[in-house]
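Here the structure comes first, spelled out in structure tokens, and everything after it is commentary.
What follows draws every value from the coordinates through simple rules; no lab data is involved. Just so it is clear, the structure is predicted and the values come from calculations on it, not from any experiment. Note: ideal-geometry Cβ built from the backbone for every residue, glycine included; neighbour counts use all protein chains shown.
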Amino acid sequence: QVQLVESGGGLVQAGGSLRLSCAASGIIFRLNVMAWYRQAPGKERELVARITNGGSTNYADSVKGRFTISRDNAKNTVYLQMNSLKPEDTAVYYCNTWPTIREYWGKGTLVTVSS
């Protein structure tokens, strides 16, 4: 059974930082492109960043220069370092493969950025 468990969210002031983690089990993690997604209230879920099994990364324009995705294949974990947070970054953050697999969605972790 595949499980992706996100953690590290919380309440932070604008300009602050958070580091999210996503622990994966039940998949051959090292072979998968992994990604972070987010869903803000009233909006559709969107891709934030992705990382290939070789370590190449891509970012949404809205987070470029502020967020960094990384992975540790030995720990089956993908991370999202978020700096210079803005109120518009407020959302539930999820990890999944890219492209996504519906059955892999976890509960996400809530990030709230206050102004």
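Within 13 Å, Cβ to Cβ, of Ser62, how many net charges do the neighbouring residues add up to if Lys/Arg are +1 and Asp/Glu are -1?
+1
With an 8 Å cut-off on Cα pairs and a minimum separation of 6 or more residues, tell me the relative contact order of the range 54-115 in percent. Walk me through the numbers on the way to the answer.
On the way: 63 pairs, mean separation 16.2, N = 62.
It rounds to 26 percent for the range 54-115.
Report relative contact order for the chain in percent, whole number only (criteria: Cα-Cα under 8 Å, sequence separation at least 6).
In percent, rounded to a whole number, it is 37.
Under 11 Å from the Cβ of Gln39, count the other residues' Cβ atoms, weight Lys and Arg +1, Asp and Glu -1, and hand me the total. Please list the in-between numbers first.
Values: positive: Arg38, Lys43, Arg45; negative: Glu44, Glu46.
Around Gln39, the charge tally is +1.
Can you give me the C-alpha center-to-center distance between the range 93-115 and the range 28-74, rounded to a whole angstrom?
Using only Cα atoms, the two centres lie 10 Å from each other.
Among Ser25, Ser70, Ser62, determine the one that fluctuates most according to a GNM of the chain built with springs between C-alpha atoms less than 10 Å apart.
Among Ser25, Ser70, Ser62, the largest GNM mean-square fluctuation belongs to Ser62.
Which loop trypsin sites (Lys or Arg not before Pro) in the range 3-51, with loop taken from DSSP, have no more than 10 other Cβ atoms within 10 angstrom of their Cβ?
Values: sites: Arg19, Arg30, Arg38, Lys43, Arg45, Arg50; in loops: Lys43, Arg45.
When the trypsin sites (Lys or Arg not before Pro) of the range 3-51 are filtered for loop state and at most 10 Cβ neighbours within 10 Å, Lys43 remain.
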